[in-house]
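These notes are about the structure you will find just below.
The values are calculated or read from the model by the stated rules, or taken from the named source; none is laboratory data. Fair warning: this is a prediction, and the values are worked out from it, not measured in the lab. All Cβ positions, even for glycine, are placed from backbone atoms using ideal geometry, and neighbour counts span all protein chains on display.
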Amino acid sequence: MKPPALKAVALAVLLAVLGPLAVAQPKAAASKASLPERYKRWLDEEVVYIITKRERDVFLQLQTDRERDIFLGAFWKHRDPTPGTPKNEAEEEHRRRLDHANKFYGRSVPLPGWRTDRGRIHILLGPPQNIEQYSNVHGVHPTEIWFYLGDPALGLPTAFNVIFFRKEGVGDYILYSPTEHGPRSLIASSMGGYRDVTRVSGSMTNDQAAYKELQDLEPNLARQTLSLIPGEASQPGYESMASTRLLATIATVPTKKVAADYADAILKYKDFVEVDYTANYIASDVLVQVIRDENGESFVHYTVEPARISAEEIGGKYEIRFLLNGRVSDAAGKTVYQFDKDFPLSLTAGELEDVRAQSLSIQDAFPVVPGAYTFDLLLKNTLSKEFAGAGTTLVVPGPSGPPGLGALLLAYGAERAKSGPGERIPFKVGDAQILCQTRKTFSAREALVLFYQPYGITEDLRASGTLQTIFYRENEEFLRRTRRLADAPPEGVVDTQSLTDFGPGYYQVRVALLDGAGKELAQAKENFEVSLAPSIPRPRVMSKVAAAAVRDDDLFTTGLQLMSKGDIEGARARLAAAHSRAPQRTDYAVAYAQALFRLKDYPKTKEVLLPWAGAEDTPAEIPALLGFACQAMEEFEEAVTYYTAYLVRFGANVDILNFLGTCHLQLGNRDEALKAWTKSLEVSPNQEKIKALVDSLRKK
């Protein structure tokens with residue numbers, strides 16, 4: 001017999017094989033000093049004026065040159081005004097501006113052109129519409145006025161000037177500010193002290209005197225020094241706040257042309273998406289709602305709305321292939337549930353135009369056991385190689401606990417719709433199909449639909465409690481309604497509010513659960529907007545409808561979730577029910593056997609798996625688990641049979657070889673044990689305990 005200590009260690013190893021995997025820890029971010037030279041030059045010279053702070057922070061967290069090259073591709077791709085064409089006009093224009101700055105500016109100082117003020121403005125704004133030069137005006141320092149047409153969408157005035165001058169008449173041109181410098185800075189004669197606004201005469205301040213002298217020297221230049229915005233009324237001695245804002249806005253213009261959320265997506269998903277997807281991030285919005293069904297089971301209903309829809313023409317139709325990956329993880333980052341689902345769509349040209357005009361809502365639902373989680377979604381368009389990602393938190397209440405309210409869901413409609421027995425449709429509650437999208441914007445002609453679910457309700461509370469709904473506009477109460485809790489349907493409240501009397505604006509709706517004495521026990525709230533538009537475009541919906549047979553999968557799925565959370569007894573009960581309903585399902589049998597093994601019910605583990613022991617398509621888990629169970633029951637000969645069958649069919653596995661060696665040793669087959677452990681060391685040499693066992697056998 002094997003010594004008790006060795007038997008305990010072997011059993012612990014067996015249980016560890018079926019236990020949770022360790023979560024990989026993220027690597028530390030690289031410092032800028034450790035970047036290869038070409039990336040430092042790109043970051044600090046080539047794009048220093050146009051990169052956003054978030055993009056810069058993400059770039060410094062990337063670990064490899066491959067990741068950095070992917071980021072560079074994405075950086076320019078998300079600035080490309082015509083992404084469907086071979087040329088990237090934004091990148092080409094930026095390089096032209098950079099080359100021009102380095103070629104024509106900085107000649108009079110030991111600086112590269114991109115570091116001069118004129119070089120910086122040229123890179124930020126491009127070439128001006130016109131340049132006025134005052135380089136040979138007596139009594140005036142060399143000055144240039146660059147005239148631009150501005151885009152109000154970027155915070156710029158429709159027309160403005162940028163002025164440069166040589167301070168004290170020497171060095172390179174620097175940026176002029178009406179507030180900081182003023183007309184006195186452009187005058188070559190030594191007047192001194194004009195900004196102290198002491199009076200030099202009974203009717204004129206120093207600022208006014210400086211402006212008067214500059215006006216005498218060069219009237220057109222003087223007129224433009226008081227404000228950078230033509231036509232703005234401004235007087236000498238009074239600061240031009242509009243000019244100050246303009247100079248600050250110019251520095252941010254390039255960052256307003258790009259949404260930097262793609263950078264966060266690259267950092268978050270770089271290890272989960274293929275290289276050809278990484279640079280092709282598209283924004284998306286996600287709405288998630290936890291809804292209990294009539295049996296008290298909780299389901300996560302979600303909708304994903306990608307900001308851009310790309311299709312490929314195949315055989316006269318436009319094909320879209322979405323692959324959706326979801327991951328639910330606990331507070332420690334451990335995966336509790338993960339899934340992949342396909343959403344194919346085939347459209348005519350007209351249908352594609354409609355989808356692009358309205359947007360597309362991809363909807364699904366899955367079961368989840370009580371707990372607090374993070375829910376991450378990764379959406380990939382496998383034809384266009386684009387991806388979108390989003391994450392949110394989930395709180396799923398248990399069957400017992402204090403009274404509460406689920407999250408408040410706002411929708412643009414609810415339709416009465418019957419479904420087949422046992423079918424599950426996303427965002428369907430009872431006979432009501434809730435029509436929702438991620439945007440919470442509504443027309444005054446629509447009715448606002450509210451959905452929420454009270455939980456933890458005792459009989460006494462149901463009889464005496466109330467539900468209070470209050471609408472606020474600009475923090476002022478706008479409308480209040482109250483209903484008896486006893487009148488609330490068990491599947492949840494679907495409430496409708498006409499928006500006819502709601503003027504355009506921003507609102508908040510708050511629902512509160514009150515006890516019989518009027519004490520608030522729980523509340524939920526959401527913000528929404530009522531638009532001036534007579535109608536709001538609503539998305540086309542793609543959804544997964546789960547058939548009645550899928551309910552067996554729900555038991556299986558929640559059983560696996562409980563096992564991941566460490567509730568093995570709870571997992572066993574659900575997996576046993578799934579297995580009894582569909583005993584032909586191999587995956588059900590394997591999961592059930594894993595729960596039994598972790599509960600040390602080795603005979604039952606063996607009983608569940610024996611029907612598949614000799615099947616040709618048996619998965620690897622079955623001979624492995626049968627071997628584990630037999631070894632734990634000290635049925636070593638039978639364990640050897642299953643371990644050997646595993647190795648013949650699935651190839652070398654270090655754990656299986658080590659367990660096989662242990663069983664041979666218990667049977668007195670030292671040569672076979674030595675053979676198995678030697679093979680194990682060939683596969684994985686750094687096993688000190690196995691090395692020691694091999695050395696001890698060879699000495700005997």
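Computed quantities for the displayed model
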read-out	value
Qualifying residue in region 295-316 (condition: under 18 Å from the mean Cα position of the chain (by Cα) and of a type in the set (Lys, Arg))	yes
Flag if residue 563 is of a type outside the set (D, E, K, R), touching a residue at least 12 places away in the same chain (Cβ under 8 Å) and over 28 Å from residue 437 (Cβ atoms)	yes
Flag if residue 66 is out of contact with any helix residue (DSSP H, G or I) (no Cβ under 6 Å at 6 or more places or on another chain), modelled with pLDDT under 95 and either within 28 Å of residue 222 (Cβ to Cβ) or not polar (S, T, N, Q) (or both)	yes
Residue list for region 481-510, filter: touching a residue at least 60 places away in the same chain (Cβ under 8 Å) and closer than 21 Å to residue 433 by Cα	490, 491, 492, 494, 496
Hits in region 342-356 - residues which are over 22 Å from residue 553 (Cβ atoms) and in a strand (DSSP E or B)	345, 346, 347
Residues located in region 357-416, provided they are among the hydrophobic types (A, V, I, L, M, F, W, C), outside any strand (DSSP E or B) and in contact with a Pro (Cβ under 9 Å, 6 or more places away or on another chain)	357
Set 571, 578: member being under 18 Å from residue 330 (Cβ atoms), small (Gly, Ala, Ser), touching a Gly at 6+ places or on another chain (Cβ under 8 Å) and part of a helix (DSSP H, G or I)	571
Scope region 622-664; condition farther than 21 Å from residue 603 by Cα and outside any helix (DSSP H, G or I); matching residues	651, 652, 653
Single residue of 339, 322 found to be part of a strand (DSSP E or B), within 20 Å of the chain's Cα centre (by Cα) and surrounded by fewer than 16 Cβ atoms within 10 Å (Cβ to Cβ)	339
Odd one out for residue 246, checked against (1) at pLDDT 90 or above; (2) at positive phi	(2)
Failed condition for residue 597, given (1) part of a helix (DSSP H, G or I); (2) in the same structural domain as residue 463 (by TED's automatic domain parsing); (3) aromatic (Phe, Trp, Tyr)	(2)
Spans of strands (runs of 3 or more DSSP E) in region 495-559 with at least 2 residues at pLDDT below 95	540-543
Test: residue 58 is in contact (Cβ under 8 Å) with a residue 40 or more places away in the chain and over 30 Å from residue 144 (Cβ atoms)	yes
Meets criteria (out of contact with any Leu (no Cβ under 7 Å at 6 or more places or on another chain), more than 15 Å from residue 153 (Cα to Cα) and not in a helix (DSSP H, G or I)) for residue 238	yes
Candidate set: region 392-412, residues that are under 19 Å from the mean Cα position of the chain (by Cα) and touching a residue at least 24 places away in the same chain (Cβ under 8 Å); chosen: the one surrounded by the most Cβ atoms within 10 Å (Cβ to Cβ)	394
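Conditions tested, residue by residue: (1) at pLDDT below 95; (2) within 22 Å of residue 632 (Cα to Cα); (3) basic (Lys, Arg); (4) loosely packed, with under 15 Cβ neighbours inside 10 Å.
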position	(1), (2), (3), (4)
562	no, no, no, no
579	no, no, no, no
589	no, yes, no, no
612	yes, yes, no, no
618	yes, yes, no, no
